[in-house]
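Reading through the structure tokens given below for one structure.
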């Protein structure tokens, strides 16, 4: 796909319609399939508009995928990829998630960052050090992901990005002021499913430090003339490989120093 607005609009409508209908997304027709990541992010903006019109809420933040070796290996994608988080997908710890609202629900173990100061494109380029001062709070988080594709292995990275890169929401733990948070790179995260360990990882797995992932996102947005708004929640990337859930599964994600998050998949 080129930057032709009509082709981008067709792609966005096709993706959004499948998402709202909870219908697995096939490989997009070649006539409007995004061919580059840059095109994909332009389509993603239009997808968010369609989702808002469908009652799924406004953009509340972002998820960043493939920031850790374990996820890059799992998905076969060597670079970070960003997606949006809509407001209706944000939940508090202890929630019950209805699995029927998803094609195939999964969870990931994340360090979430809340931005306290808007990062303007004019201030780019950003570094881990410069964005650290904009972080207001940190949280343990579960990213809710949805394998809503006929076959994600053949969907293509640009299409995955246009469709928020598997993102389907998040469950947030208690907010810890950034000034009181432990060293994020040193945090150890663990996923428990029905009480059994399903994987561990560390904050250092996230591009060396979660602030580097945040800087990557801010630069990605700035490159497209967009700002990272104050109040946005950013999921920095999973330190554990995606775990797909079955109905009745109980999930606990813990990050020592930030607390834990719980959910039930109904």
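Here's a check for you: in the stretch 48-84, which residue that is over 30 Å from residue 204 (Cβ atoms) and in a helix (DSSP H, G or I) is nearest to the chain's Cα centre (by Cα)? Can you show your working first?
Residues of the stretch 48-84 over 30 Å from residue 204 (Cβ atoms): 48-58.
After this cut, where a residue has to be in a helix (DSSP H, G or I) as well, the list is 48-53.
Details: 48: 14, 49: 17, 50: 18, 51: 16, 52: 17, 53: 21 Å.
Among those that are over 30 Å from residue 204 (Cβ atoms) and in a helix (DSSP H, G or I), it is 48.
Assess whether residue 39 counts as being surrounded by 15 or more Cβ atoms within 10 Å (Cβ to Cβ) and in a helix (DSSP H, G or I). Even if it seems obvious, please write down each step before you answer.
On the way: surrounded by 15 or more Cβ atoms within 10 Å (Cβ to Cβ): yes; in a helix (DSSP H, G or I): yes.
Yes, satisfied.
Confirm whether residue 107 is touching a residue at least 40 places away in the same chain (Cβ under 8 Å), surrounded by 19 or more Cβ atoms within 10 Å (Cβ to Cβ) and either in contact with a helix residue (DSSP H, G or I) (Cβ under 8 Å, 6 or more places away or on another chain) or under 16 Å from residue 60 (Cα atoms) (or both). Spell out how you get there, then give the answer.
Details: touching a residue at least 40 places away in the same chain (Cβ under 8 Å): yes; surrounded by 19 or more Cβ atoms within 10 Å (Cβ to Cβ): yes; either in contact with a helix residue (DSSP H, G or I) (Cβ under 8 Å, 6 or more places away or on another chain) or under 16 Å from residue 60 (Cα atoms) (or both): no.
Answer is no for this residue.
No value in this document is a laboratory result; all are computed from the given coordinates. Bear in mind the structure is a predicted one, so any value in this text is a computation, not a measurement. Don't worry about glycine lacking a Cβ; one is built from the backbone with ideal geometry, like all the others, and counts go over all protein chains shown.
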